[in-house]
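The values are calculated or read from the model by the stated rules, or taken from the named source; none is laboratory data. Worth saying up front: this structure is predicted, and the values here are computed from it rather than measured. Positions of Cβ are backbone-derived with ideal geometry, glycine not excepted, and every protein chain shown enters the neighbour counts.
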Amino acid sequence: MRNDYDLSGEKTNKSKFSHLLIVSSLIFGMFFGSGNLIFPVHLGQLAGNNWVSAAFGFAISGSLFPLLAILAVVVTKSDGLYDLARPVGKFHAALFLVLVHLTIGPFFGTPRTAAMAYEMAAKPFLPAKFDTIGMFLFTALFFTLAYTLTVHQNKLLKYVGKYLNTIFLVLLAIIFVVAFLHPMGGLNHMPTQAYQTNSTVSGLLEGYNTIDAVALLALSVTFVHAAKDLGYKDRELSGLTAKAGSLSIGLEVLVYFGLVLLGAFSLNKMNPSANGGDALSSIVNYYFGNFGAAFLGVLVTLGVFTTAMGLVASFSQDFHKLFPKVSYLAWLRTTTVLSFVVANAGLDNIIAWSLPVLMLLYPLSLALILTSLTVHSKPYAGVVYKMTIAFTVLPAIFDMLNASPAAVTNLTFVKTTLAAYHQYVPFASLGLGWIVPTLVGFFLGLLLSKLGIFANESAEVESRD
């Protein structure tokens with residue numbers, strides 16, 4: 001680190017730029033996973049010659065929300081998810097942290113990274129009879145490596161930001177260069193029905209489904225700690241985090257447009273695929289032949305492995321902060337072992353029940369981002385936080401029920417309730433029924449604060465450590 005400072009002890013401009021790049025790479029590597037890689041390709045196939053407007057819509061929701069999540073962490077000077085949610089109340093903050101990390105961690109997100117890596121990198125090369133043992137051995141190696149590389153928290157910046165994500169981006173760039181130098185054909189293809197007249201809205205809804213804002217809130221503890229390990233604090237820390245987050249999201253937008261364009265080009269040589277994974281696989285195989293399967297396997301594995309490292313590290317850091325008597329290493333062992341077990345014991349069923357929880361958490365996360373960006377420093381912040389979240393809870397529960405397995409949605413009471421919700425609440429049929437109630441709660445909280453009602457509640461916003 002000595003070369004990063006001049007004789008006065010200040011960081012040099014060269015070191016600041018280097019730190020900016022490596023923290024940006026860390027953030028990108030942690031949250032850009034398999035869904036971010038394959039969803040835009042399928043979107044391009046569906047959008048056809050309306051690919052630009054569809055990609056724009058996808059970028060708005062798929063990139064803007066994550067950027068706002070990063071900025072919420074920055075402006076509130078939070079040291080993780082618990083700090084960010086604490087103005088709502090300690091119990092809410094603790095419950096929110098546990099639900100977010102369990103859902104995007106060992107009960108859903110982390111096991112899915114290993115399962116996706118196995119599907120793309122190992123399964124195509126194994127006889128069907130070895131599928132079970134292959135999955136077991138692959139995921140065991142996957143999580144052993146993830147554990148080993150995250151034991152030392154201060155090494156995460158180097159492993160992900162400097163090496164693994166850089167390799168991933170180089171491999172992805174190879175695909176772009178080859179595909180754009182030798183495009184499959186023109187872009188004059190009829191969009192599917194959903195993308196003929198409302199391509200921007202359809203793309204926006206597709207990007208909304210990435211739910212990356214929840215992941216960025218959970219991962220915040222890791223990239224904030226990484227910046228602190230570089231010697232940044234206070235304003236310098238906030239500045240670095242904001243710039244790095246913006247740079248990583250800007251790169252993500254460019255990647256999204258490139259992937260959507262790949263999908264649109266592919267319509268000249270193939271029919272629209274059933275999903276983005278099949279579409280990307282077909283495109284890579286077209287350009288690289290038999291080598292394509294191995295190339296894509298390595299690319300996807302790198303993408304999901306860096307995400308897995310971020311998830312297990314952030315889980316352990318946030319849980320250690322919430323339950324300090326249990327060490328970071330103990331939480332790290334817990335989440336990696338649980339993730340390994342879930343990946344090998346009914347991942348499909350876990351996903352079926354975890355997705356509804358994500359649909360519950362997403363509106364609550366966006367409501368938290370809204371309040372954090374607007375009123376966190378105001379003396380009346382406590383009232384606004386509480387009212388906003390209170391008005392968001394009910395539509396978030398309805399969205400959760402709507403995304404639940406058939407065993408829940410087929411219940412008469414649930415079916416009737418959801419029908420009324422979709423009919424009477426604006427945007428509910430699009431999965432965005434929380435928007436109006438959240439804004440009502442937000443402005444009602446502001447009004448009550450101005451009128452001096454619940455003034456004592458405002459004093460409950462706690463100072464950050």
(message) Exactly one of these conditions fails for A294: (1) aliphatic (A, V, I, L, M); (2) modelled with pLDDT of 95 or more; (3) within 25 Å of the chain's Cα centre (by Cα). Give me its number.
(response) (3)
(message) Can you say whether S354 is within 25 Å of A69 (Cα to Cα), assigned by TED's automatic domain parsing to the domain that holds L64, of a type in the set (G, A, S) and surrounded by 15 or more Cβ atoms within 10 Å (Cβ to Cβ), as far as the supplied structure shows?
(response) yes
(message) So, in the range 74-122, how many residues would count as being of a type in the set (D, E, K, R), outside any helix (DSSP H, G or I) and out of contact with any Leu (no Cβ under 9 Å at 6 or more places or on another chain)?
(response) 1
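Please verify whether A55 is farther than 30 Å from M270 by Cβ and either touching a Gly at 6+ places or on another chain (Cβ under 7 Å) or buried (at least 23 other Cβ atoms within 10 Å of the Cβ) (or both), treating the condition exactly as stated. Before the answer, list the steps.
On the way: farther than 30 Å from M270 by Cβ: no; either touching a Gly at 6+ places or on another chain (Cβ under 7 Å) or buried (at least 23 other Cβ atoms within 10 Å of the Cβ) (or both): yes.
Criteria not met by A55.
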(request) Select, from L172, L205, the only residue that is over 23 Å from A403 (Cα atoms), buried (at least 16 other Cβ atoms within 10 Å of the Cβ), touching a residue at least 40 places away in the same chain (Cβ under 8 Å) and not aromatic (F, W, Y). (result) L172
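What residue, of E206, E236, is under 18 Å from the mean Cα position of the chain (by Cα), modelled with pLDDT under 95 and either assigned to a helix (DSSP H, G or I) or over 30 Å from N49 (Cβ atoms) (or both)?
Values: E236 fails: under 18 Å from the mean Cα position of the chain (by Cα).
The unique qualifying residue is E206.
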(message) Restricting to the range 421-465, name every residue that is among the hydroxyl-bearing types (S, T, Y) and modelled with pLDDT under 90.
(response) S449, S458, S463
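Okay, residues lined up against (1) in the same structural domain as S61 (by TED's automatic domain parsing); (2) surrounded by 23 or more Cβ atoms within 10 Å (Cβ to Cβ); (3) more than 15 Å from the chain's Cα centre (by Cα):
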{"site": "T307", "(1), (2), (3)": "yes, yes, no"}
{"site": "S314", "(1), (2), (3)": "yes, yes, no"}
{"site": "H320", "(1), (2), (3)": "yes, no, yes"}
{"site": "K325", "(1), (2), (3)": "yes, no, yes"}
{"site": "R333", "(1), (2), (3)": "yes, no, yes"}
{"site": "N344", "(1), (2), (3)": "yes, no, yes"}
{"site": "N349", "(1), (2), (3)": "yes, no, yes"}
{"site": "S365", "(1), (2), (3)": "no, yes, no"}
{"site": "L368", "(1), (2), (3)": "no, yes, yes"}
(message) Can you tell me which condition M120 does not meet? The list is (1) hydrophobic (A, V, I, L, M, F, W, C); (2) surrounded by 13 or more Cβ atoms within 10 Å (Cβ to Cβ); (3) free of Cβ contacts under 8 Å to residues at least 12 places away in the same chain, and all the others hold.
(response) (3)
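For every residue, the table says whether it meets (1) buried (at least 20 other Cβ atoms within 10 Å of the Cβ); (2) over 18 Å from L370 (Cα atoms); (3) touching a strand residue (DSSP E or B) at 6+ places or on another chain (Cβ under 8 Å).
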position: T392; (1), (2), (3): yes, no, no
position: F398; (1), (2), (3): yes, yes, no
position: V408; (1), (2), (3): no, yes, no
position: F427; (1), (2), (3): no, yes, no
position: F442; (1), (2), (3): yes, no, no
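I need a count of the residues in the range 410-425 that are in a helix (DSSP H, G or I) and either surrounded by fewer than 14 Cβ atoms within 10 Å (Cβ to Cβ) or touching a strand residue (DSSP E or B) at 6+ places or on another chain (Cβ under 8 Å) (or both). Before you say what the answer is, go through the steps one by one.
Pass one, the range 410-425, residues in a helix (DSSP H, G or I): 412-424.
Add one more test, that the residue is either surrounded by fewer than 14 Cβ atoms within 10 Å (Cβ to Cβ) or touching a strand residue (DSSP E or B) at 6+ places or on another chain (Cβ under 8 Å) (or both), and what stays is 412-413, 415-416, 419-420, 423-424.
Residues in the range 410-425 being in a helix (DSSP H, G or I) and either surrounded by fewer than 14 Cβ atoms within 10 Å (Cβ to Cβ) or touching a strand residue (DSSP E or B) at 6+ places or on another chain (Cβ under 8 Å) (or both): 8 in total.
Kindly indicate whether T197 is farther than 15 Å from F28 by Cα, surrounded by fewer than 24 Cβ atoms within 10 Å (Cβ to Cβ) and in contact with a helix residue (DSSP H, G or I) (Cβ under 8 Å, 6 or more places away or on another chain).
Values: farther than 15 Å from F28 by Cα: yes; surrounded by fewer than 24 Cβ atoms within 10 Å (Cβ to Cβ): yes; in contact with a helix residue (DSSP H, G or I) (Cβ under 8 Å, 6 or more places away or on another chain): no.
Against the criterion (farther than 15 Å from F28 by Cα, surrounded by fewer than 24 Cβ atoms within 10 Å (Cβ to Cβ) and in contact with a helix residue (DSSP H, G or I) (Cβ under 8 Å, 6 or more places away or on another chain)), T197 does not qualify.
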